[in-house]
Each structure stands twice: as C-alpha cells, then as structure tokens.
1. Stick to the Cα atoms of region 188-355, pair each with every other, and give me the Kirkwood hydrodynamic radius in Å at one decimal.
2. Could you work out what % of the accessible surface of region 112-227 is carbon and sulfur, using a 1.4 angstrom probe and leaving DNA, RNA and ligands out of the count?
3. Taking H as built 1.01 Å from N, whose amide H comes closer than 5 Å to the amide H of V144, not counting residues under 5 places away?
4. Leaving out ligands and nucleic acids, and using a 1.4 Å probe, what accessible area per residue does region 191-300 come to in Å²?
5. Enter the accessible area per residue of region 56-119 (Å², integer; probe 1.4 Å; all protein chains in place).
6. Could you tally the net charge around K193, taking each other residue with its Cβ under 13 Å from the Cβ of K193, Lys/Arg +1 and Asp/Glu -1?
7. So what's the net charge close to D61: Lys and Arg +1, Asp and Glu -1, counting the other residues with Cβ under 11 Å from its Cβ?
8. Sorted by average packing, counted as other Cβ atoms within 10 angstrom per residue and highest first, what order do 232-243, 62-73, 329-340 take?
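The values are calculated or read from the model by the stated rules, or taken from the named source; none is laboratory data. The structure presented is a predicted model; accordingly, all values stated were derived computationally and were not measured. All Cβ positions, even for glycine, are placed from backbone atoms using ideal geometry, and neighbour counts span all protein chains on display. Ligands, DNA and RNA are stripped out before the accessible areas are found, and what is left, the full protein with its side chains, is counted by its heavy atoms. Shrake-Rupley method; radii C 1.70, N 1.55, O 1.52, S 1.80 Å.
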Amino acid sequence: MDSGGMLKTPINMSDLLNGGTEFQIDTDFKDDDGEENFIEDDYGSADEDEEKYKQLFTPWDRTFDELRKEMEPVNEHIYKRITKAGVGEELPDNTQVTVDYNAFFEKEIKPFDSSTLRDKPFRLVLGAYNVLLGFEQAIKTMRVSEEAQFVISYQLLYGEVGCPPRIKPKADALFVIRLISASPVNDGDALAKLNETERRSYEVVKEKVAQTRQYAKDCFKRNLVQKAIAKYLESVDMLQMCQLKDEAEQEEQQNTLIALYTSLAVCYNHRDQPKDACRMVNTLRTLCNVNQNAKIMYQEGKALIKIGDYDRARKSLLGAQKLEPQDENIQRTLKELNECSSKHQQEEKRIWTRALGLVDAAKKDDKSKEEA
C-alpha cells in the first residue's frame, strides 16, 4: 500500500489558514529508513513475535497420508513426529498438564482451534476425560518441554458426523503441541477426609498438609486467592491440633507453620487486606525472628504502606533490603513508599495551611469587630 509522499519542508499551519502556502514533495524519501533502529521492548522481541505468528499457519500443506509416512505410529489412529525432544518420563493419569497447541484440518492453512491464538496456555488433568480422546492420548506420549506434531484420525476427534459447518464429517486433524509443564494433581480435600484418629497423628497430617499447600499454591496461581487462603488456614488448624511425639516433630511443625503464615500474608496483601496481613506477621513474631526473614519483612512493609503507617513500613522494607540488597521487588516497593509518603506530607501540609489560614481569618474578623 502506498503510504504517500514526504514534504521537503513542513507546512506552517498559520500560513495555511491565513491565505494559503506552498509545499514540495520529496520524491527521494524512502519509507523504510527507520527499520534498522527498531528497538526490542519488554513485551518480547521481533523474533518471538515472528515465531508466534508462524505457529498460526499449518506446517504441512500436503495430504495427511503423505505426512503419516514421515511419522511414527502411536496406534492405528494417531501418528507422531517429535520436533523438539523433552525431558523426564511419559505422563500418568492424574497429572495436571499445561500445553500450547494449534490444530489444523487437512489442506487448511489456518488453525480451527488454537491456544496460541487465544494467548492462553491450556490446562487439563490427564485421565479426567474432559477433552477430545485423541488429544489426550497424544499428550500422554509426550514429556515436559517436548514439541511434537500429531495426525489424529476422526474416530478419536469429532467422529463420522463432525460438527457442520465448522467441522466436516470424518475430519482428521493435525495437532501441533508443546508440553509446557506437568505436576501431580493435589487433593484439596485431603485434610477433610481424615478421621479423628488420623487427625491426631502428625505423620499423617504432615503428608496431607503438603498436598493441601500445593493445592493452595495452584489456586493462587489461578487467582483463586480466597480459596488459597481457606486451604492455608485449614492446614494451620490441622497442624495445631495434632499430637507431637518429640522435639524433632515440634521443630518441623513450627517451620511448616512459618511457611503457612507467610503464604497467608502474601495472599492477604494480594487481596488488599493489609490488616489481616499484619495479623499474620504478628503471629509469625511468636514463631521466629522476623527480622531475619526478608520475605516476611517485605510483606509487612507492603501491608503498612496500604494502612498508611509509612515510618514502620520504611523500617520493615529497609530491614528486608539489608537482607536481600539485590531484590528488585523490595527496591520497587521502597520507591512506591517514598512517593506515597511525599504525597501524604504534601496533603498534610495543605490541610494545615488551610486550617491555619481559617484561624488567621477568624482572628482578623474578631479584631475588626472590636475596632468597630
């Protein structure tokens, strides 16, 4: 598309509005002169964008029968070609996986389904059978970080009928899949399932708390923060109820409680509940020396900023910075603190100036009445 010509000299708008002006076109101007000065920003490089763009086009423009000849059969309905090897073992049922995928019909350039296009990786639990059977079976053959292409027959996808008009009858498909991560599914109700005898056993409770903590972390990552808080609190209650045999169990229990209360402080700050975050930190003071824990002091500083206690917030954040001088989050929050404190001082000064001005005006008014 022609982007137009470039003026040799700029137009003076005042002359243009008051009688007109003359201008000349620079025919030697080239519109691509600035491309060499392209700067990559924090949102990703040009190469990354180009790679993502390429993923949205089929890697195979011939028939699937020809492609199958270049692949290895997984079974009679699935053929596979690995484009990047992964690590670890194949994945069992009850594993939560995160994948990026693009799916193409035969001889169609663009995908009919794509997590890349949605810009959001897809998560599923293997063995739950809540996705296309062929898609799940293909993923089960993969390892973490692996990238592979699969031709999957219609029998394991949309069947003989399909879903017209979008999906034709007996439609085989090419799936290009990248396995991002995999982790065992954690039972969020593990603690609730314990009977009275099991709840008194530290060995049993310890194992279930570990599962519940991992479940709470997953909830936090998915922004289900209130659910994460509930699970952390449930873990705290269960740990405090069980019976301890010796000092070793007592020390282990205390370290777990420190981790749980710290996670709760993080969650409460995330939900903008600074008073609750401070309450968690105060509980932590009874369990450990918080002045030796940068993460706890950082969370306390964040909460105190939101409350408006800037002096104590500065003390906590400087203490955290002393322990972790290179931590960017602490440095960023200190900068935020300085900005908030400065605004607060200016506002306070304005209020006092206005108040004193009203007092002075009242005194002058009284003096004028006396003189009268």
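1. 17.5 Å
2. Answer for region 112-227: carbon and sulfur cover 52 percent of the accessible area.
3. V87
4. Per-residue accessible area for region 191-300 comes out at 53 Å².
5. Computed with neighbouring chains in place, this is 60 Å² per residue.
6. Local charge sum for K193: -4.
7. Neighbour charge sum, excluding D61 itself: -1.
8. 232-243, 329-340, 62-73
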